[in-house]
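S.K.: I have a structure here, written as structure tokens, and I will follow up with some questions on it.
The values are calculated or read from the model by the stated rules, or taken from the named source; none is laboratory data. Since this is a predicted model, take the numbers as computed values, not measurements. Here Cβ is always computed from backbone atoms with ideal geometry, including for glycine, and neighbour counts include all displayed protein chains. Please note that ligands, DNA and RNA were not included when accessible areas were found on the heavy atoms of the full protein model with its side chains. Shrake-Rupley method; radii C 1.70, N 1.55, O 1.52, S 1.80 Å.
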Amino acid sequence: MNQQDKQTTRVKEGAFHLPGFLSLPEQERIASLCLELGKNAAGFYQPVLRSGAKMRLRMMCLGRHWNAKTYNYELHRSDVDGLAVQPIPATLAKLAERAATLADFIVRPDILLVNWYGKDGRLGLHQDKDERPETLQAGIPVVSFSIGDTCEFIFGGLSRSDPRKKIALHSGDAFVFGGPARLCFHGVGRVLPQTGPSGVWPSGRLNLTFRQF
Ligand code: MD6
Ligand code: FE
């Protein structure tokens, strides 16, 4: 199937779900790259928030590190082990640029957050607002890829109390939000065990979010 033939579902103005954006070979390539990078010294770790709570996922930041204590981006993982962050593989950034194009956005990703959720993985309702004010103001999108088990993605509005939609994100789906949706609240509810394609990801769900600082 040609990329142009794939559907793009507008969830709200500026927010797009691209089911099946990644082919199975692309998912396999991304998964093995993330596993490889994740085994390096500056690989996966479990972030601890400023409240002292452990996040219910494993994380690896590429390009820049997201500090879970200060919510700032930095070149060394000062809240973890002080190691320098690994770069974003150019092939992955290109794929994210292509997804953004399908949603009529332009992004040059220089940050990639890789999240690995186990069966009890969760991500509370939040806004992505730690990038540069210019980036947020311009509505430059975040592009997300899902690989492995399906999750319940929760997508709300600009206020925490706005109504929310639940969207199932399957292995290979992309989700893009920018423009007027850039600061919408969102989170990850349940991860549905054993729902991913066999042999692509060891267990649970892998999520990649590409951002421009
Ligand atoms: C996740 N994603 O899907 C978490 N943020 O595991 C996010 O928090 C996210 O999917 C910004 C834009 C797209 C996302
Ligand atoms: Fe987010």
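S.K.: Scan the range 137-158 for residues that are surrounded by 17 or more Cβ atoms within 10 Å (Cβ to Cβ), away from ligand 2 (no atom under 15 Å from the Cβ) and not in a strand (DSSP E or B) and report the count.
M.R.: Of the residues in the range 137-158, 2 are surrounded by 17 or more Cβ atoms within 10 Å (Cβ to Cβ), away from ligand 2 (no atom under 15 Å from the Cβ) and not in a strand (DSSP E or B).
S.K.: Quick one: in the range 116-135, of everything that is within 12 Å of ligand 1 (Cβ to nearest atom), in a loop (DSSP other than H, G, I, E, B) and open to solvent by less than 40 Å² (accessible area, probe 1.4 Å), which residue is farthest from Arg64 (Cα to Cα)?
M.R.: Filtering first and then ranking leaves Gly121.
S.K.: Name the residues in the range 48-70 that are touching an Asp or Glu at 6+ places or on another chain (Cβ under 8 Å), under 23 Å from Ala93 (Cβ atoms) and assigned to a loop (DSSP other than H, G, I, E, B), would you?
M.R.: Across the range 48-70, the qualifying residues are Gly63, Arg64, Asn67.
S.K.: Does the range 100-111 hold any residues that are out of contact with any Ser or Thr (no Cβ under 7 Å at 6 or more places or on another chain) and either in a loop (DSSP other than H, G, I, E, B) or open to solvent by less than 40 Å² (accessible area, probe 1.4 Å) (or both), and which are they?
M.R.: Ala100, Asp104, Phe105, Ile106, Val107, Arg108, Pro109, Asp110, Ile111
S.K.: For Leu192, indicate whether it is within 12 Å of ligand 1 (Cβ to nearest atom) and either at pLDDT 95 or above or within 26 Å of Asn40 (Cβ to Cβ) (or both).
M.R.: It is false that Leu192 is within 12 Å of ligand 1 (Cβ to nearest atom) and either at pLDDT 95 or above or within 26 Å of Asn40 (Cβ to Cβ) (or both).
S.K.: Filter the range 127-136 down to the residues that are without any contact (Cβ under 8 Å) to a residue 40 or more places away in the chain and closer than 30 Å to Gln46 by Cβ and list them by number.
M.R.: The answer is Pro133, and nothing else.
S.K.: Sort through Phe153, Phe145 and tell me the only one that's touching a strand residue (DSSP E or B) at 6+ places or on another chain (Cβ under 8 Å), without any contact (Cβ under 8 Å) to a residue 40 or more places away in the chain and under 19 Å from Gly196 (Cα atoms).
M.R.: Phe153
S.K.: Can you tell me which residue among Phe177, Phe213 is in contact with a strand residue (DSSP E or B) (Cβ under 6 Å, 6 or more places away or on another chain) and open to solvent by 40 Å² or more (accessible area, probe 1.4 Å)?
M.R.: When all the criteria are applied, what remains is Phe213.
S.K.: Sticking with this structure for a sec: Hey, Arg132 hits all of (1) under 13 Å from Arg182 (Cα atoms); (2) within 14 Å of ligand 2 (Cβ to nearest atom) but one; which does it fall short on?
M.R.: (2)
S.K.: If only one of Ala138, Ala174 is farther than 26 Å from Lys54 by Cα, modelled with pLDDT of 95 or more and within 11 Å of ligand 1 (Cβ to nearest atom), which one is it?
M.R.: Ala174
S.K.: Between a first residue in the range 97-126 that is under 15 Å from Ala174 (Cβ atoms) and a second residue that is of a type in the set (D, E, K, R), which pairs have beta carbons less than 7 Å apart while being 6 or more apart in sequence or on different chains?
M.R.: Final answer for the pair search is Val107/Glu97; Pro109/Arg211.
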